[in-house]
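Data block below; observations after.
The values are calculated or read from the model by the stated rules, or taken from the named source; none is laboratory data. Fair warning: this is a prediction, and the values are worked out from it, not measured in the lab. Note that we place each Cβ from the backbone using ideal geometry, even for glycine, and neighbour counts take in every protein chain shown. For the accessible areas, the whole protein counts, side chains as well, though only heavy atoms, and no ligand, DNA or RNA atoms are used. Shrake-Rupley method; radii C 1.70, N 1.55, O 1.52, S 1.80 Å.
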Amino acid sequence: MKEEPVRQRLLAEATRLFAARGFEGTSVQEIVQAAGVTKGAMYHYFDSKDDLLHEIYARLLRMQMDRLTRIADGPGPVRERLHRAAADVVETTTANLDDSKIFFRSMHLLATEKQKTVRAERRRYHERFRDLVAEGQRTGVLSARVPAELVVDYFFGSVHHLGTWFHADGPLTGAQVGKHFADLLLNSLGAGDAGE
C-alpha cells in the first residue's frame, strides 16, 4: 500500500522529535517538515498531534500484547512462560525506549478520553500478565504469599522505570536486563508454599 510509508515516516519523525524536544516543544509543522509531507497528508492519517502521541505508545503496546498472548497461551510450564513473558516485556521496552519515554513523560497531556483508552489497553496487558502469575500461584508452582495483583504492580513499576536509566550502549543489553528482571521476578515468587 503506497500510503503506509507516509504514515510510518510521520510516526518515526514524531517519535524522534518528541524524544528530542518533548511533545509540547514540537509543532505539527516541524513533524510534517521532517517527514517531508504536507499537513494535509498528516491529517489524512492522524486527526491531531494527540493522535500521533497515542499511536506511538499504542503500537508498542499492541506488539507487546500480541507477544504476551502467544507466550501465555503457548506450550510449557507456567514458570517458563512467566519467565519468557517477563523477559520479553523488558526486551521490547528497551528496544523501543523512545516510545516508552515519550509516553510516560507526556501521557498526562493527552485528551481525557485518549488517556482512558490507553489506561484500559495497558490494564488489559497487566491483567493477562497477572493471569500467568495467578495460574502459577493457583497450581502451587509459585508462592501465593503476595497477591498476584501486587506482584504485577511491583514488577511493572520497575519496567516503566527503564527509560530513566537504561542505555542501549550501556554495559547490559536489553535481553540481558530482561533475563535478570525475569530471574528476579521468579526468584521472588519462589516455589509453591502449599504448607502456608
If the Cβ limit is 6 Å and pairs must be 6+ apart or interchain, which residue in the stretch 59-81 that is within 16 Å of residue 123 (Cα to Cα) pairs with which residue that is open to solvent by 20 Å² or more (accessible area, probe 1.4 Å) and not basic (Lys, Arg)? 60/96; 61/121
Out of the residues in the stretch 114-138 that are among the β-branched types (Val, Ile, Thr) and modelled with pLDDT under 95, state the one that is most open to solvent (accessible area, probe 1.4 Å). 117
Need pairs with beta-carbon distance below 8 Å; first residue within 25 Å of residue 56 (Cα to Cα) and within the stretch 115-138, second among the β-branched types (Val, Ile, Thr); sequence gap 6+ or separate chains. 126/152; 128/69; 129/89; 129/152; 130/151; 130/152
Yes/no for residue 93 being of a type outside the set (A, V, I, L, M), surrounded by 18 or more Cβ atoms within 10 Å (Cβ to Cβ) and more than 19 Å from residue 117 (Cβ to Cβ): yes
Check every one of the helices (runs of 4 or more DSSP H) wholly within the stretch 76-157 and list those with 1 or more residues that are farther than 29 Å from residue 20 by Cα. 78-95, 112-138
Would you pick out the residues in the stretch 9-38 that are within 16 Å of residue 53 (Cα to Cα) and exposed (fewer than 13 other Cβ atoms within 10 Å of the Cβ)? 20, 21, 24, 25, 27, 29
Look at the stretch 82-114 and say how many of its residues are free of Cβ contacts under 8 Å to residues at least 12 places away in the same chain and under 27 Å from residue 188 (Cα atoms). 0
